[in-house]
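Data block below; observations after.
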Amino acid sequence: MQTYHDDVIDFWANIFRACRLSTTGLDLETFLEAPSQHLERLGLSDAVEMLAGGHLPLLPEQAAVRREINARFPQPAAPQPSVAPAARAFLPPPAFLATAS
């Protein structure tokens with residue numbers, strides 16, 4: 001049996017509870033062995049980001065639907081620009097800002 005630091009257990013236990021992974025038959029001890037792989041397998045790889053952004057992650061059933069939709073309707077990859085665009089403002093600054101003193 002592997003031992004974990006309390007901070008690691010607390011972090012991943014919060015993810016485990018927020019994702020309601022116990023409803024999938026997964027227990028916390030098994031989850032702690034490879035949390036990222038379990039989240040990826042269940043379609044919840046964005047759970048940490050969602051929680052960090054103040055949102056709850058999808059439920060396991062919702063993640064399964066998302067995987068099914070993504071499998072049926074794959075999205076093409078977004079085109080990547082070959083050269084970074086020059087940084088410029090979309091609009092020039094208003095005239096009153098230039099004359100203010």
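Summary of values
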read-out: Residues of the range 23-44 satisfying the condition of being aliphatic (A, V, I, L, M), within 18 Å of the chain's Cα centre (by Cα) and either part of a helix (DSSP H, G or I) or loosely packed, with under 14 Cβ neighbours inside 10 Å (or both); value: Ala34, Leu39
read-out: Residues (assigned to a loop (DSSP other than H, G, I, E, B) and among the polar types (S, T, N, Q)) located in the range 1-22; value: Gln2, Thr3
read-out: Residue list for the range 16-54, filter: within 17 Å of Gln2 (Cα to Cα) and aromatic (Phe, Trp, Tyr); value: Phe31
read-out: Residue count, the range 1-22 (criterion: modelled with pLDDT of 95 or more and among the β-branched types (Val, Ile, Thr)); value: 1
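The values are calculated or read from the model by the stated rules, or taken from the named source; none is laboratory data. In this text the structure is predicted, and so the values were computed from the model without any measurement. Glycine also receives a Cβ, built like all others from the backbone with ideal geometry; neighbour counts cover every protein chain displayed.
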